Amino acid sequence: MKYISTRGGISPVSFKEAVMMGLATDGGLLLPESLPSVDEPRLAQWQSLNYQDLAHEVFSLFIDDIDSRDLKELVERSYSTFSHPEITPLTKRDNLYILELFHGPTLAFKDVALQFLGNVFEYLLKESGNTMNILGATSGDTGSAAIYGVRGKENINIFILHPHKRVSPIQELQMTSVLDENVFNIAIKGTFDDGQEIVKGIFNDIDFKSRYNLGAINSINWARVLAQVVYYIYAYLRVSQAENTKVVDFSIPTGNFGDIFAGFVARKILGDGKIGKLVLATNENDILSRFVLNGEYSKSEVVPTVSPSMDIQMASNFERYLYYLNDADPDKTKIDMETFASLGVLSFSSAKFSRVKNDFSSQRVAEAETVETIRQFHEKTGYVLDPHTAVGVHAALNKRREHVPMVSLATAHPGKFGEAVSRAIGEQKLPETLQDLVGKKTRCSLLNADVNEIKEFIQHNAMV
Ligand SMILES: *Cc1c(COP(=O)(O)O)cnc(C)c1O
């Protein structure tokens, strides 16, 4: 399996190269040259597999340059950190299936991909004898998943910037209580935007970037998308069997379009009529929802919401879908992305728009509706939703079709975003994993929001 760029500017690369490259060197995103297909007999064989074995099967369709036994071992190790034996269990409430993706070490769905990516990085670096320094900025909610993905790994250091005193105490603890020598938490005296600007500035210094082999761990890495494809197939197999149906719909709380794009890939490889509608649920940051509803992709301002991991206007994985919408034409995709960069808007022909509507349905869920969904769902079923999951559930309940089972993706544990949850149903007890953090020893460096100061810090602490 070779990987190409959505913008066509690189010669095909292997899976290993694709993982190490992250973003394609021509500015595009990496995708498999062609998508494999899974026929009925094979799907039937997969029915009895546990999560790890299914992951190994799915990965093997896309990865042909890692020894199969090594790959199996990477999968086993990646999911051994999960607290549930089924890794991503399903629960049925109010005739809705909830796919719980939050049983990883940081209680959010990003663990499913980042636990795997961290192990793959370590494996590939060991093989090549290289080292890597990961750099990223977080507003608080996703930094810990990146840190837990690579903590204690050989040949990798990680530097995560967060705005000092502007993340919640629990979020701060989740990051700073990780004491592994290769983890560097940096609290900057500034905002999240300052942090992002600094990181961008450092990545733009090509000399510095190559000297320290700087890497990113954002949602554009193909290995992350791939890891997420697995749970769609896992849920499809279980729900289609339990309901004795062929078609299953999914509702996905969406920000960067990574999770829902994995659903799109899963649907493509399973073939028509199995995964039915993908319901794209957004909060008030609704660029993607407007795209599905109006056929126009246009930027606007980011507003803060109670589902902060979805407070995004530029969905970094959207380009991958655009490539398929352009019938795998990289030249057209490149022009579209350039048009969007200069005008901030992309329009689509009515033929393309009807394909979009065939692939997705969508709903924008406002803050009051999100809180009300948490309250009502709890009242009706006793189940506590986190605000991101509630956005998806609200859309799922609205968009579900008669006789088609609906799976709604639960992307975070409610204890992680207690503020909105307590507004809806009153104070909840913290989950044990988070309670245990209180009073733990922490390590963090407080620095000025200054590119040079951060660079010096990295220089001093980098893995070389
Ligand atoms: C990242 C995240 C999302 C959004 O996923 P995308 O892949 O960015 O669309 C939703 N919920 C939670 C809790 C997240 O952390």
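Read-outs throughout are calculated quantities, based only on the coordinates presented, and are distinct from any laboratory measurement. Keep in mind it's a predicted model, so treat the numbers as computed, not measured. In this analysis, Cβ positions are derived from the backbone assuming ideal geometry, glycine residues included, and neighbour counts consider all displayed protein chains.
Over the chain, DSSP H runs of length four or greater, each weighted -39,500 (n - 2.57), average out per residue to a 222 nm ellipticity of -14000 deg cm²/dmol. Of all DSSP bridge pairs formed entirely within the chain, close to 25 percent run antiparallel.
Here is the list for the range 291-350: GluC sites (Glu not before Pro) lying in DSSP coil, each with at most 10 other C-beta atoms within 10 angstrom of its C-beta, are Glu301. How would the chain be classified by its alpha-carbon gyration tensor: rounded, prolate or oblate, with rounded meaning a/c under 1.5 and the a/b versus b/c comparison settling the rest? The shape class here is rounded. Just list whichever of Lys352/Lys399; Lys380/Lys440; Lys299/Lys334; Lys110/Lys441; Lys92/Lys268 have alpha carbons separated by over 28 Å in the model shown. The pairs that break the limit, which is 28 Å between Cα atoms, are Lys380/Lys440.
The charge dipole of the range 115-231, taken about its Cα centre with unit charges on the Cβ atoms of Lys, Arg (+1), Asp and Glu (-1) only, comes to about 80 debye.
In terms of packing, defined here as the mean over residues of other Cβ atoms within 10 angstrom, the peptides 143-150, 23-30 line up highest first as 143-150, 23-30. The Rg/Rh ratio of the range 37-119, with Rg taken over Cα atoms and Rh as the Kirkwood radius over Cα pairs, comes to 1.00.
Restriction of the GluC sites (Glu not before Pro) in the range 149-227 to DSSP coil positions whose beta-carbon has at most 14 other beta-carbons within 10 angstrom yields Glu154, Glu181.
Around the Cα centre of the range 335-456, unit charges on the Cβ atoms of Lys, Arg, Asp and Glu (plus for the first two, minus for the last two) sum to a dipole of about 420 debye. Please give the Cα centre distance for the range 81-143 versus the range 386-452, rounded to the nearest Å. Going from one Cα centre to the other spans 15 Å. Computed packing ranks the peptides 128-136, 239-247 as 128-136, 239-247, most packed first, by mean other Cβ atoms within 10 Å.
Here the chain is assigned +1 on the Cβ of each Lys and Arg and -1 on the Cβ of each Asp and Glu. Its dipole about the Cα centre then comes out at about 560 debye. Shown for the chain are the DSSP H helices of 20 Å or more along their axis, judged by Cα atoms, with a mean Kyte-Doolittle hydropathy of at least 0.0: 110-128, 222-243. Listed peptides 104-110, 350-356 appear in the order 104-110, 350-356 once ranked by packing, highest mean of other Cβ atoms within 10 Å at the front.
Along the charge dipole of the chain, which of Tyr323, Ile374, Asn50 sits closest to the positive end, that is, farthest toward it, with unit charges on the beta carbon of Lys, Arg, Asp and Glu (+1, +1, -1, -1)? So the residue we want is Ile374. With the dipole of the chain worked out from charges on the C-beta (+1 for Lys and Arg, -1 for Asp and Glu) around the Cα centre, which of Ile202, Gln313, Leu117 lies farthest toward the positive end? It is Gln313, whose Cα lies furthest towards the positive end. In the chain, a dipole from Cβ-located charges (positive for Lys and Arg, negative for Asp and Glu) runs towards its positive end, and of Ile156, Thr442, Pro387 it is Pro387 whose Cα lies farthest in that direction.
Loop-located GluC sites (Glu not before Pro) in the range 408-464 (DSSP state not H, G, I, E or B) with no more than 15 neighbouring Cβ atoms inside 10 Å: Glu427.
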